Amino acid sequence: MDEGASRLAVVSGGSRGIGRATVLRLAEEGFDVAFCYRADEESAHQVTVQAGKWGTRVVASRVDVADADAVRAWISRTEREVGPISVAVTSAGITRDGPLVTMSDDNWGAVMRTNLDGVYHVCRAAAFGMMKRRRGCIVNISSVSGVYGNAKQTNYSAAKAGIIGFSKALAKEVGRYGIRANVVAPGFIDTDMTDALSGSVSERIRDSVALGRMGTAEEVADLVSFLASDRATYITGSVVEIHGGISI
Ligand code: NAP
């Protein structure tokens, strides 16, 4: 981050998985962090306790990223009560996998609303203050599914590809305001999301990954924190894949 600047990050989906690891990593680096989650209060509480050891302010809010008004209220409350936002990370995401021909409208819509609309809501709300202050950094979490496509994930792949187009357009729109916007596209990362995969699918995943294992949420958080740092000041509009050498 810019030296001497405020050090407040907002993270969507910060109670579990990649978002949780990102909250902890940024807190360790001295950021105050405001994160949101949808339902799991206990996990959110644990993150605030764990992040507390670094001595920065970490605030959890129950906010559904699919709800535009709720996100707007969360971001303005955060700016009012915690401070100006310098970094926004969007990690909130869900899967509702299945073949296209049997895809329900509900499963299509839920994934689009959380994974794509959610990114739009958070970025729109956070970018306004960043533009006024003429500095800021956005990191949106996409997926290799959004880059290469993945069978039985037409909804998820479409949303994650949408994040890439959105972020590239945004980078061009806000670059002159000193704001960078990048995408992280993870492969298979060991979180609750991939826990749901059956044993044989997990085995196939491990076979198709050059490094022979899933990644960890902490490895992704390291990349997010790099992109949000002043070591990445000439990186914007980029899609950085982190997948251990996957052939999808
Ligand atoms: P995860 O372990 O399932 O955690 C998801 C997080 O998002 C939780 O904190 C959850 O909160 C929150 N969330 C879900 N829906 C939300 C909503 N509508 N509003 C607010 N928060 C919401 O998932 P993950 O594996 O860390 O995935 C994080 C991101 O990385 C997602 O965007 C995912 O698509 C992407 N990704 C993951 C992988 C992977 O292999 N794990 C690979 C590529 C990309 P609650 O628990 O309260 O619902």
Task: Cα Rg, Dmax, the stretch 51-140, angstrom units - done: 15.5, 51
Task: Rg/Rg_globular for the stretch 90-248, with Rg_globular taken as 2.2 N^0.38 Å and Rg from C-alpha atoms - done: 1.07
- [ ] Multiply the residue separation of residue 57 and residue 172 by 0.36 nm, subtract the distance between their alpha-carbon atoms, and state the gained length in nm to one decimal.
- [x] 38.2 nm
Task: For the chain, with +1 on Lys and Arg beta carbons and -1 on Asp and Glu, the positive-most of 162, 39, 137 along the dipole - done: 137
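Assigning unit charges at the beta carbon (Lys, Arg +1; Asp, Glu -1) and nothing else, what dipole magnitude in debye, to the nearest 20, does the chain show about its Cα centre?
Values: 28 positive and 28 negative charges, 168 e Å.
Its charge dipole is roughly 800 debye.
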Open item on the list: Per 0.36 nm of contour for each residue apart, how much would the distance between residue 219 and residue 193 grow if the chain were fully extended, relative to their Cα-Cα spacing?
Closed with: 7.8 nm
Task: Karplus-derived HN-Hα couplings along the stretch 152-168 (A = 6.51, B = -1.76, C = 1.60, θ = phi - 60°), whole Hz, x at Gly and Pro - done: 6, 9, 4, 5, 5, 5, 5, 5, 6, 5, x, 4, 5, x, 4, 6, 5
TODO: Between residue 43 and residue 226, with labels modelled 7 Å along Cα→Cβ, what's the label distance in nm to one decimal, could you check?
DONE: 2.6 nm
Task: From phi via Karplus (6.51, -1.76, 1.60), per-residue ³J(HN,Hα) for the stretch 218-233 in Hz, x at Gly/Pro - done: 5, 5, 5, 4, 4, 5, 4, 5, 5, 5, 8, 9, 7, 8, 10, 6
Task: Rounded FRET efficiency, nearest 0.05, which uses the C-beta distance separating residue 152 from residue 81 and R0 of 35 Å - done: 0.25
Task: Surface accessible to a 1.4 Å probe, per residue, for the residues of the chain, Å² - done: 46 Å²
Open item on the list: Can you give me the C-alpha center-to-center distance between the stretch 171-234 and the stretch 6-36, rounded to a whole angstrom?
Closed with: 15 Å
Task: Interchain or long-range residues, amide H under 5 Å from residue 94's placed H - done: 115
Task: Amide H contacts under 5 Å for residue 152, placed H, 5+ residues apart - done: 100
Open item on the list: For the stretch 1-108, place one equal point scatterer on every Cα, skip the solvent, and apply the Debye formula. What is log10 of I(q)/I(0) at q = 0.12, 0.16 Å⁻¹?
Closed with: -0.43, -0.68
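Roughly what % antiparallel, to the nearest 5, for the DSSP beta bridges in the chain? Don't skip to the end; give the middle numbers.
Numbers: 1 of 30 bridges.
Of those bridges, close to 5 percent are antiparallel.
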Open item on the list: Going by amide H atoms built from the backbone, whose H comes under 5 Å of the H on residue 242, apart from near neighbours?
Closed with: 185, 187
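The values are calculated or read from the model by the stated rules, or taken from the named source; none is laboratory data. On a predicted model such as this, the values are computed, not experimentally measured, just so you know. Note that we place each Cβ from the backbone using ideal geometry, even for glycine, and neighbour counts take in every protein chain shown. Protein only, heavy atoms only, side chains kept; ligands, DNA and RNA dropped before computing areas. Shrake-Rupley method; radii C 1.70, N 1.55, O 1.52, S 1.80 Å.
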